[in-house]
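Novice: For reference, the structure I am asking about is given below.
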Amino acid sequence: MKVGIVGAGAVGAACAMATLMRGCASELIFVNRGRNRAKAMATDMGYGAPLSSTTRATDGDYSDLAGAALVMITVGVNEKSGGATDRSDPLGRLRLLDRNAEVYREVIPAITVAAPDAVLLVVTDPPDPLAYLTRELAGHERVLSTGTLLDSLRFRVHLGRRLRVAPTDIEAQVLGEHGTSQIFHWSAARVGGVPITDALERLGLMQGDDVRAMIENEVRYANIAIIEGIGASQYGIGMVCARIAEIVLRDERAVVPIGVYNSRLGVTLSLPGVVGRDGCLQILDPPLSNVEQVALKRCVETLHKAQGRIR
């Protein structure tokens, strides 16, 4: 039940804290280019760990990842420092791809040598093409991207606010890319079994496509709004990574929208997937409306172009 976290920046720290608080791992091992930072982070969190779990927090080198069941990879340039915070930029997070692909070419082989049986969870932006690259570098299929799980949670939160219901009672997913070409699966969204659009109409909230566009923009650019306030989008993704770690470690076979290589489409993107100890065990193809099918095709084209840049 050992989890490795490579990269001790803001996102790596948030992933570590959330995983520690969930108590799903027996050991967290932090690896960072600057060993002192990893050591300090492990020491700091280790002092508080007895309050929530028996998880042991330690620092180490790549070789210390041996035996890890899952390794989270958070290294690379973030959105703020990489210049990916312009809402009008169609590339969005893909602007970070070239620089972060170079970092991944350095770290993935070292991780794979140390932990050949681990599930690799790509957290760095843009996670989908980087997970595609990771799969090629690692030479196995146990590679996940955090994908659109966080986007789906944001979608549920914003729908819940308008409907004045708990987000936990809303079924709604964002599919495709964790980026500007993502697809909002409106046709399958439900609350209490009632289609979301019907629920919004009954409250007088559906006025043309205005509310849809508003919610989509709130979700699509939530990261930028967060960065403008605190400098990094970190806590939400940290909690998502901790939940994914829990699913993998417990072999839950949970169904979540998660990034995985799709051999039929030839890209890594998010569709509902059955996740367990060996990564994604099965991809589910949800029914899509005509509009959503067109959006998926556009998303796949976007990701093919991105993957072509790093082959």
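Novice: What distance in nm separates the two pseudo spin-label positions at V113 and S26, each 7 Å out from Cα along the beta-carbon direction?
Specialist: 2.7
Novice: Follow-up. Between D44, D117, D59, find the one with the highest GNM mean-square fluctuation for the chain; connect C-alpha pairs within less than 10 Å.
Specialist: Answer for the Gaussian network model of the chain: D44.
Novice: Exposed loop sites here are GluC sites (Glu not before Pro) in DSSP loop states with at most 16 other C-beta atoms within 10 Å. What is the longest stretch of the chain lacking them?
Specialist: 1-140
Novice: Using P(r) over Cα pairs in 20 Å bins from 0, in percent as the read-out, say which of [x] 35, 58, 8; [y] 36, 60, 4; [z] 28, 54, 15, 3, 0 was calculated from these coordinates.
Specialist: [x]
Novice: Another one. Give the shape of the stretch 23-164 as rounded, prolate or oblate, defined through the alpha-carbon gyration tensor: a ≥ b ≥ c are the square roots of its eigenvalues, a/c under 1.5 means rounded, and otherwise the shape is prolate if a/b is larger than b/c and oblate if not.
Specialist: Verdict is oblate for the stretch 23-164.
Novice: In the full protein assembly as shown, how much of V157 is accessible to a 1.4 Å probe, in Å² to the nearest 10?
Specialist: Number for this one is 50 Å².
Novice: If you don't mind, another one. On a 1.4 Å probe surface of the protein chains, which of M45, M239, M72 comes out largest in accessible area, and what is the full order? Don't jump to the answer; show the numbers that get you there.
Specialist: Details: M45 25, M239 120, M72 0 Å².
My answer, sorted largest first, is M239, M45, M72.
Novice: Suppose we keep just the DSSP beta bridges with both residues in the chain; what percent of those would be antiparallel, to 5?
Specialist: That works out to approximately 50 percent antiparallel.
Novice: Something else now. Describe numerically, in nm with one decimal, the distance between label points set 7 Å from Cα along Cα→Cβ at S263 and at E106.
Specialist: That separation, rounded to one decimal, is 3.4 nm.
Novice: To the nearest 20 debye, what is the magnitude of the charge dipole of the stretch 106-234 about its Cα centre, counting +1 on the Cβ of each Lys and Arg and -1 on the Cβ of each Asp and Glu?
Specialist: 440
Novice: Go ahead and set up a Gaussian network model of the chain, Cα springs under 10 Å, then flag whichever of R35, R135, R264 fluctuates most.
Specialist: Residue with maximal mean-square fluctuation among R35, R135, R264: R264.
Novice: Between G193, G276, G236, find the one with the highest GNM mean-square fluctuation for the chain; connect C-alpha pairs within less than 10 Å.
Specialist: For the chain, modelled as a Gaussian network with Cα springs under 10 Å, the answer is G193.
Novice: Could you pull out every one of the aspartates and glutamates with an alpha carbon less than 13 Å from that of K2, ignoring same-chain neighbours closer than 8 positions?
Specialist: Partners found: E27, D59, D64, D117, E246.
Novice: Could you grab the relative contact order for the chain? Cα pairs under 8 Å, six or more apart, rounded to a whole percent. Please report the intermediate quantities before stating the final value.
Specialist: Working: 628 pairs, mean separation 59.2, N = 311.
19 percent.
Novice: PRE reach from N217 (point 7 Å along Cα→Cβ): which of the stretch 72-95 fall under 12 Å by backbone N?
Specialist: Residues 87-88 qualify, since their backbone N sits under 12 Å from the label point.
Novice: Using heavy-atom solvent-accessible surface (probe 1.4 Å) with all chains present, what is the largest-first order of D198, D128, D210?
Specialist: From most exposed to least exposed: D210, D198, D128.
Novice: Still on this structure, I have one more. State in Å² the accessible area per residue of the chain; use a 1.4 Å probe, count heavy atoms of protein chains only, and round to the nearest integer.
Specialist: Ligands and nucleic acids excluded, the figure is 43 Å² per residue.
Novice: At a 1.4 Å probe radius, carbon and sulfur cover how many percent of the accessible area of the stretch 220-269?
Specialist: The nonpolar share, carbon plus sulfur, comes to 51 percent.
Novice: Let me ask something else. Please work out whether the stretch 214-298 counts as rounded, prolate or oblate from its C-alpha gyration tensor, where a ≥ b ≥ c are the square roots of the eigenvalues and a/c under 1.5 means rounded, while otherwise a/b larger than b/c means prolate and anything else oblate?
Specialist: Oblate is the answer for the stretch 214-298, as a/c is 1.5 or above yet b/c matches or exceeds a/b.
Novice: Separate question: Starting from the stretch 136-234, pick out the trypsin sites (Lys or Arg not before Pro) whose DSSP state is loop and whose Cβ has at most 11 other Cβ atoms within 10 Å.
Specialist: R164
Novice: Evaluate the relative contact order of the stretch 1-96 (contact order divided by residue number), counting alpha-carbon pairs under 8 angstrom at least 6 apart; express in whole percent.
Specialist: Relative contact order comes out at 33 percent.
Novice: Given +1 on the Cβ of Lys and Arg, -1 on the Cβ of Asp and Glu, and no further charges, what dipole in debye does the stretch 1-60 carry about its Cα centre, rounded to the nearest 20?
Specialist: Using Cβ point charges on Lys, Arg, Asp and Glu, the stretch 1-60 gives about 140 debye.
The values are calculated or read from the model by the stated rules, or taken from the named source; none is laboratory data. Source: prediction; values computed, not measured. Positions of Cβ are backbone-derived with ideal geometry, glycine not excepted, and every protein chain shown enters the neighbour counts. When the accessible area is computed, the model is the full protein with side chains, heavy atoms only, and any ligands, DNA or RNA have been set aside. Shrake-Rupley method; radii C 1.70, N 1.55, O 1.52, S 1.80 Å.
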